[in-house]
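Structure first, commentary second.
Coordinate-derived values only; no laboratory data. Source: prediction; values computed, not measured. Quick reminder, even Gly has a Cβ in these numbers, built from the backbone with ideal geometry, and neighbours come from all protein chains shown.
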Amino acid sequence: MEGAAQLVSTVGQLVGEEYRTLRSVGGQVAELRDELDTMNAVLRMQSDADDGSMDHFVRVWMKQVRELAYDAEDCIHLYIFRVRSRPNDRFFVWSRRLLSTLFSRRRLADEIRDLRARAVVISERHARYGLIREASSRSSYLAPTPRATTHALRAANDPEQFVGISDQAKLLAAKVEKMDDNKERKVFSIVGFGGLGKTTLAMEVCRQMEARFDRQAQVSVSQTFDGRKDLQALLKRVLQQIVMMKPDKEKGIKEEDSLTPGDIDKMDLASLTSTIEEKLKDKRYLIVIDDVWTISAWEVIQSKFPRNNNGSRIIVTTRIDTVAKACSPGSDCIHQIKPLDEKDSEKLFLSRAFGSKDASCPKELAAEMGKLLKKCAGLPMAIVSIASLLASYQSPDSKGMWERICRSIGSEMESNPTLEGMRQIVTLSYNHLPHHLKLCMMYLSIFPEDYVVFKDRLLHRWIAEGLVEEKRGLTLLEVAEGYYKELMSRNLIDPAPFASNDDDGGVETCKVHDMILEVMVSKSLEANFVSLVGGQYIGMSYDKIRRLSIHGIEDEAKDLSPPPKKMAAGRHGRRNVMEGMNLKHVRSFSMFELKGHKLLDRLDEFTLLRVLDLEGCKGLRNKHLRDICRMYLLKFLSMRGTDITVIPPSVGDLEHLQMLDARGTYVKELPETVTNLEKLERLLFSTKGFWSPTWQPPSGISRMKALREVNNIVIRDNIQVAKEIGDLEGLQGIVVYVNGRSKVHEEVRKHLAASLCRTNALRWLNVGDTSTSFDNHLDYLMDLPSPPQLLRYLRFDGGFSRLPNWVGSLSYLVEFCMSYGLLEGDQPFAVLCKAPNLRIIRLQKYFYRGDQLVARTAHNFPALKEMRVSCITQFPSIFSFEEGSMTELETLEVEFYDKQKSIEGVEHLKKLKEVQLRGFKHNPAIESALKLLKEDSDRRSKDNNQFVVGVKYWGS
């Protein structure tokens, strides 16, 4: 009591009048928060505007507002997490906290006053110079705001324009021409990113099919097409073309239409519509609608063309998959345009840079040409733009110019007129994005060129950065999934090959085309959204760093080959930049320089960090974790693939952490304090060299109410943990094993089975047993009264007397994996074939004990596309497919190891596209299987449904 009284007295003496002044800090923070909301609204409004119409004045003003918004947000977070009292603080704690934060409060009050003063200055400056700008605009001869253009297309008169397009044109023309009993109008869509040659392809199809249609027209829409304002102009362009009749080849004459261009110009929308209807109602017509951006634009346009039964066709080109699907229901009518292959890319480049596709590139320039073509990644517009720029530098001594262009393509696109068209193509797609997707797209500039990004990693980083908006009825992850699908639909990010391993199956990945990435980097640097260090960004300096991404180390400067003195100066300058870098405003730190970096020793300076991504960084040490565990704002922490050996108990102090990824490290156990992380959503952990889980969670895991995914739990004798798993109501994914040698393993199994029946949100389940014996350890899962019905992925690692029947009742199940099951007969297929949406089956080590595994006629599998079998034992020795089984199977992979195995009945798999064999070389069984598979594939050539046969050898 005396201590408390003395403390109160001390507070009164020390604070006095100053305390009364600083009490207003909370109110000022609230006002600053309102100011921040207004600033963000202004930024969003400007972002939603057409970027091309934004002048330099607005850009500069937006940059000032954006920096002010960043600083205001930093100030608010510092208040919340360093100064503000907690609601449950008692008087003694409150008083002590008050004393310890007096200096912080005083400094914070000063910062708020400065921020609000800056806001006033920026506002006044905008008003002052805005008047001058408006007066200047009125007196100058500025062009009017561009409107939507709906012009007629014209084929380019360029003999090289069809490099790599001709084969696609023949294929598409055959589809367009194909007639069946139904002669209704059909719509074909060509979809792909800008610059891939969609318009060229459509025009070539029209040229090849000119004689087969009575009327043709080709018109371009635009990004800003408005059906109320622009439809009339588009229909005029169409009518002008369809009244220009083709000459009759038999009569040798050309009839003239009574309508003149002057008559068409005078028509209103109703007259145009009725006239087009009249001119086309008895004709077979082919219309190209180029560059459609929205479904609403398509719906209003297509309604003006008659649906006659003469086999008429419309070809739509678009960058957006969802638009293509709306235009052309059914995948047979959608053509995904392909990038040029390596051979055609080189031909097109040579034709532009050296005048002919048959020309040869000087050997001194060949390496740089290869690098440039890699950056272009088959994008014709990019190839043409860069090759045209280099057309004046054909001699071998031009190597320096080619190297410079290759190294600085992003900055060249900003300033060089020859590359401006490429930048405009990318920018057009970017401008069409809503504000929240623009931020998510810019965020990809954090990752290096050609970097394959794991989808989950990207989505959870978006969430931690606050880029994902809340939507009623959806989790943030579900909203982020929608963002990802939208960017994929717009072809701004590309799917990369699935990363896979034996434990987790397929993991979705993506990457960004180099040309798109260059523009995103340019926009990110302009907005101070990202600061990039190392690699091609060596030498760049930044004022305030918000998101820091390390791409390389300083020694990479030697690759740029400058003069020795200049190099020395440059290195010294870069060292100064790194050493003097202000880190207190950094909210995101990503390390792609895997050898480590001296910045890791300055982690204590990252005061406001929300995202720390050190995946694969070999420079991370245990000592660094002390600083990491003091980052109270941290939401995303990845140490995946690093060499750390222990995670300290202080990790439990990271009360705002949402994602903790420590997979593939040398950590064997997690501290009990992780159960304090009540906001943690994903807890991912595994130890190098251990195939099964090693973490034994303590009692109290049920406190982690936000937990959605945990991937490494083994329960030995803690019955309470088995019970508490059922209390995690939001749990969507779990890897959980039981130790079969535990004295209470039967009790653990009983309560775990009951818990799994209570996890109604579960989508992803991997359940197994750590015992090395082949007993039926998983039979406790045989008769679950209410198995998780939303499961999409299911894996069993352990023995069953038979596969549970409830697996076949899982309506949403997409992928099933199993090992150590030792099943017999056709019972596994008899159960699995009842799962209506099962697409992938992976059968792995010791899953089966019979000699022959047969897919019966009754095992139809309505959705199965892929089956991969890897079993190092001799069982099963025969894989057999009866007629009518697995009717939709496209990919079959079988592992022979060094055993004598065979595949029978492949001829019954009518939809098969690929068969992959794996095993050691010099195995006669593999050679025999390859021969038979090749013969079966060749027999299908007459029906044009051959499949690819491949083999992967493990050694000699």
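Please go through the residue pairs Lys375/Lys913; Lys343/Lys363; Lys178/Lys834; Lys511/Lys635 and name each one whose alpha carbons sit more than 27 Å apart in this structure.
From the list (Lys375/Lys913; Lys343/Lys363; Lys178/Lys834; Lys511/Lys635), the Cα-Cα distance tops 27 Å for Lys375/Lys913; Lys178/Lys834.
For the pairs Lys170/Lys357; Lys723/Lys743; Lys901/Lys952, note any where the Cα-Cα span goes beyond 19 Å.
Where the Cα-Cα span goes over 19 Å, the pairs concerned are Lys170/Lys357.
Could you order peptides 303-315, 190-202 by the average number of other Cβ atoms within 10 Å of their residues, highest first?
Taking the mean over residues of other Cβ atoms within 10 Å, the ranking is 190-202, 303-315.
Label segment 742-825 by shape, choosing from rounded, prolate and oblate, from the square roots a ≥ b ≥ c of the eigenvalues of the Cα gyration tensor; if a/c is under 1.5 it is rounded, and otherwise prolate applies when a/b is larger than b/c, oblate when it is not.
Since a/c reaches 1.5 but b/c is at least a/b, the shape of segment 742-825 is classed as oblate.
Please turn the phi angles of segment 364-378 into ³J(HN,Hα) values with the Karplus equation 6.51 cos²θ - 1.76 cosθ + 1.60 (θ = phi - 60°), one per residue in order, whole Hz, x for glycine and proline.
Using θ = phi - 60°, the values come out as 5, 9, 4, 5, 5, 4, x, 5, 5, 5, 5, 5, 6, 6, x Hz.
Using per-residue counts of other Cβ atoms within 10 Å, averaged over each peptide, order 705-712, 169-176 from highest down.
705-712, 169-176
Please list, in chain and number order, the residues 5+ apart from Asn712 or on another chain whose amide H is under 5 Å from its amide H, with Hs placed from the backbone.
Phe685, Val735
If one computes the Cα centroid of segment 171-231 and of segment 855-892, what distance in Å separates the two points?
Using only Cα atoms, the two centres lie 41 Å from each other.
How do the peptides 433-442, 608-617 rank, highest first, by the average count of neighbouring beta carbon atoms within 10 Å per residue?
Ranked by mean Cβ neighbours within 10 Å, highest first: 608-617, 433-442.
Please label the shape of segment 691-740 as rounded, prolate or oblate, based on the square roots a ≥ b ≥ c of the eigenvalues of the alpha-carbon gyration tensor (a/c under 1.5 means rounded; beyond that, a/b larger than b/c means prolate, else oblate).
oblate
Report, in whole Å, the centroid distance computed from the Cα atoms of segment 627-693 and segment 306-338.
49
Roughly how far apart, in whole Å, are the Cα centres of segment 345-384 and segment 916-946?
37
Can you tally the net charge around Met441? Count Lys and Arg as +1, Asp and Glu as -1, for every other residue whose Cβ sits under 11 Å from the Cβ of Met441.
Within the 11 Å Cβ shell, the charges total +2.
Tell me, what HN-Hα J-couplings in whole Hz come from the Karplus equation 6.51 cos²θ - 1.76 cosθ + 1.60 at θ = phi - 60° for each residue of segment 333-349, using x for Gly and Pro?
9, 10, 10, 7, 5, 9, x, 5, 6, 4, 5, 5, 4, 5, 4, 5, 4
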